[in-house]
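Each remark here refers to the structure printed beneath this line.
The values are calculated or read from the model by the stated rules, or taken from the named source; none is laboratory data. What you are looking at is a predicted structure, and each value in this text was computed from that prediction instead of being measured. Cβ: placed from backbone, ideal geometry, glycine included. Neighbour counts: every protein chain shown. These area figures cover heavy atoms from the full protein model, side chains too; ligands, DNA and RNA do not enter into them. Shrake-Rupley method; radii C 1.70, N 1.55, O 1.52, S 1.80 Å.
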Amino acid sequence: MTLFGQKKQVHLKKQLVNRRLVSTVVALMMLGIGGCAVTPKTLSIKDNPTRLMENTILKTATLSVVSPDRLIADLTDARVVYVGESHTNPHHHAIQLEIIKGLAQTNAHLTIGMEMFDHTYQPVLDQWTAGELDQTTFIEKTHWYANWGFDFDLYRDILEYAKEKRLRIIALNVPNYIPRKISVGGIASLSQDDRRHLPKTIDTTDADHRAYVEKIFKMHTLRGRENFEYFYEAQCTWEDAMADAVAENLGSGKMVVLAGKGHIIRKFGIPDRAFARSQAPFKTIYLAQVGDEAELSWADYLWVTPETRMPHNRMMGRVKKKQ
């Protein structure tokens, strides 16, 4: 390399360091450490003056801002890393891929647990990561648009990277008709054939989790699903089934779990239940968009993303209008 080239490279590195420093200072200002800043939209923290800008990562235990590289380093001791998403936010899936890539550099046996697939499709996922299926065939064989329904392009880069690096994908879910049946008739209404999909244990005793799910239940009208106890049994079946899948497939390696934010919030969904089964240390990352309000108790890290409003989700029913 010429002297001019070396000087140019040093200059570019200095520019990069300066940009990161400015970004960190601005984020700290938003935390109230360095004064006030003006920004179009921020993420607010409940009962706290904190305001966070896009692309800020907050470590909630210490109220400190960390870089993506620092986050990856912080996750070294975690055996399971949960990244909670809004399903239709493309920024969330880009961040999930960034985390997967960062962890894959030092974890040769990294696996990816995905809520998007139920366990009956594990053979198809194995075919995909072995490079035996093209995208069209994969979409057909997983019945993607019948089961998950969201735009495949949102997840394509993650799935393609897993195939490229031969990272095993673990199907975490139960067939979607199981929670639906439970929500209208309870676990007791299931046939013997349906019961083979149930997790080994289903915990319905967590008062905080029950209160969280009941709040969601009251926000929606779900015809034929008016019985909250059935609804809660369905939710706990869902959480415990995915926790089972995490614990049973973790092995001696490391897993990144991709799931809706509601499954990882406050850790009482999948994370605590998987830990009860495996005792494997974990960390949670909650992806929150600007314009919203978050709570420090929601996760170990809050990663602030650009705003992308979710369209109506056919799985959730119709939101009640305020009277």
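Overview of results
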item	result
Calculated from backbone phi, Karplus (6.51, -1.76, 1.60) coupling profile of the range 117-129 in Hz, x at Gly/Pro	10, 8, 4, 5, 9, 4, x, 5, 4, 5, 5, 4, 6
Rounded accessible area per residue of the range 109-215, 1.4 Å, Å²	49
Computed FRET value (nearest 0.05) for Thr120 with Lys218, which takes r as the C-beta separation and R₀ as 25 Å	0.15
Accessible surface of the range 179-236 [probe 1.4 Å, protein heavy atoms]: carbon and sulfur percent	50
Per-pair calculated FRET efficiency, R0 = 45 Å: Ala211 and Thr62 via Cβ, rounded to 0.05	0.95
For Thr305, distant residues with modelled amide H under 5 Å away	Asn55, Ala288, Gln289, Val290
Ranked packing of 263-271, 176-184, most packed first, by mean Cβ within 10 Å	263-271, 176-184
Surrounding net charge for Ala280, when Lys and Arg each add one and Asp and Glu each subtract one, Cβ distance under 13 Å	+2
For the range 281-297, Karplus couplings with θ = phi - 60° (6.51, -1.76, 1.60), whole Hz, Gly/Pro x	x, 9, 9, 10, 10, 9, 8, 10, 8, 4, x, 9, 10, 10, 10, 4, 6
Theoretical FRET efficiency, 1/(1+(r/R0)^6), r = Cβ-Cβ of Lys141 and Gln105, R0 25 Å, to 0.05	0.25
Length-normalised contact order for the range 73-196 - Cα pairs under 8 Å, 6+ apart - percent	34
Set of the range 154-195 residues, backbone N closer than 18 Å to the point 7 Å along the Cα-Cβ line of Asp134	156-157, 160-161, 163-164
Using θ = phi - 60° and Karplus 6.51 cos²θ - 1.76 cosθ + 1.60, couplings along the range 259-271 (whole Hz; Gly, Pro as x)	8, x, 4, x, 7, 10, 4, 6, 6, 7, x, 6, x
Accessible-area composition of the range 72-115, carbon plus sulfur, in percent [1.4 Å probe]	52
